[in-house]
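The structure appears below as structure tokens.
The values are calculated or read from the model by the stated rules, or taken from the named source; none is laboratory data. Please read these numbers as outputs of a predicted model, since none were measured by experiment. Cβ placement follows ideal geometry from the backbone for every residue including glycine, while neighbour counts extend to all protein chains displayed. These accessible areas exclude ligands, DNA and RNA; they are computed on the full protein's heavy atoms, side chains included. Shrake-Rupley method; radii C 1.70, N 1.55, O 1.52, S 1.80 Å.
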Amino acid sequence: MRPMRLDMAGFTVFRDETTVDFTDADFFALIGPTGSGKSTVLDAICFALYGTVPRWGGARGLANALAPSAAEARVRLVFESGGARYVATRVVRRDGRGNVKTANAGLQLMPAGFDVTKLDTGLSPDDLGEVVAGTPAEMEQAVLEAVGLPYEQFTSCVVLPQGQFADFLHAKPATRQQILVNLLGLGVYEDVQKRATARAAQAEARLEAVDQVLAGLTGVDDEALADADARVDRMVELSAAVTAAVPELAAARTAAREAAAALTALDDELTVLSGVRAPGGVAEVALAVTAARAEAEAAATAVSLAEEREEKLRGELSGAGT
């Protein structure tokens, strides 16, 4: 975490609006007489992020944030962390009963290329980027994700309270190790270790299951394996034959369905025809038709003979006329 700019108003000894610009400073030292506010600058950085300061004795000392006779204290910190730029803002007010409470707290992710020097010296609620946290309750987790350190570790290795410089050096090895893990971003290796351990456990479980299956296989020798391989080959050939016969089977089933439909249609027509009956007197009519046909044939024969005689007589008449 690298501070870029700190704005304060009504905060402890800084009653008037005050800006501390760290933009171009790779290293800096706070120099001045006792009581000039050197420690307060560090307190303001810590307060903007976490809402409290170690020497206040926790959140109950929030009233220490207010300058004498001030009713409101405002702090805004612009900082860089993990390649991104954030702005943390906190506002503390005293109500009519004299109680001091946090009135507003927020963390915003500033847009890329934003010029910090363009900020005014005041603490107006300008839109400084995407809101990551908008309430005091949301600030703790949002700051933890942005800075990478909880309050206890931040005040143990980044902003050390006065008289507690040696706390980090004398801390328990486990505590120092966890602080260094957070500072150096080594938590990713812990995640890798956890995932690798989980995958190893799953692999061990699968291996144990396979071992149990293998242990249950008794009486298996080379001859049995060869016989099993031969059966597998036969099953593969049978599967291929079945696969090849599937299209023919489908075509045969289609033809069978069409034939069954045609047979059903013929059965319906036969049923209709079986209901047809000949009317009465058909036999007499048939005899009469036969007799009429015979008479017609006889008449036709007589006509033919008459025509022949007529032709013959015409010939004779023509000869006699000559």
Exactly one condition in (1) loosely packed, with under 10 Cβ neighbours inside 10 Å; (2) at pLDDT 80 or above; (3) not aromatic (Phe, Trp, Tyr) is false for Pro150; which is it? (1)
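Residue-by-condition table, conditions (1) among the aliphatic types (A, V, I, L, M); (2) modelled with pLDDT under 80; (3) assigned to a strand (DSSP E or B):
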| position | (1), (2), (3) |
| --- | --- |
| Val75 | yes, no, yes |
| Thr102 | no, no, yes |
| Leu107 | yes, no, yes |
| Ala142 | yes, no, no |
Criterion: surrounded by 10 or more Cβ atoms within 10 Å (Cβ to Cβ) and either of a type in the set (Asp, Glu) or touching a residue at least 24 places away in the same chain (Cβ under 8 Å) (or both) - qualifying residue of Glu223, Glu284, Glu204, Glu248: Glu204
Residues Arg90, Arg74, Arg55, Arg15: which one is touching a residue at least 60 places away in the same chain (Cβ under 8 Å), under 22 Å from Leu119 (Cα atoms) and of a type outside the set (Asp, Glu)? Arg74
Would you confirm, using the coordinates I've provided, whether Ala84 is open to solvent by less than 30 Å² (accessible area, probe 1.4 Å), of a type in the set (A, V, I, L, M, F, W, C) and closer than 15 Å to Leu6 by Cα? no
Condition check for Thr19: outside any strand (DSSP E or B) and more than 16 Å from Val91 (Cβ to Cβ): no
Here are the criteria: (1) open to solvent by 20 Å² or more (accessible area, probe 1.4 Å); (2) assigned to a strand (DSSP E or B). Tell me which single one Ala63 does not satisfy. (2)
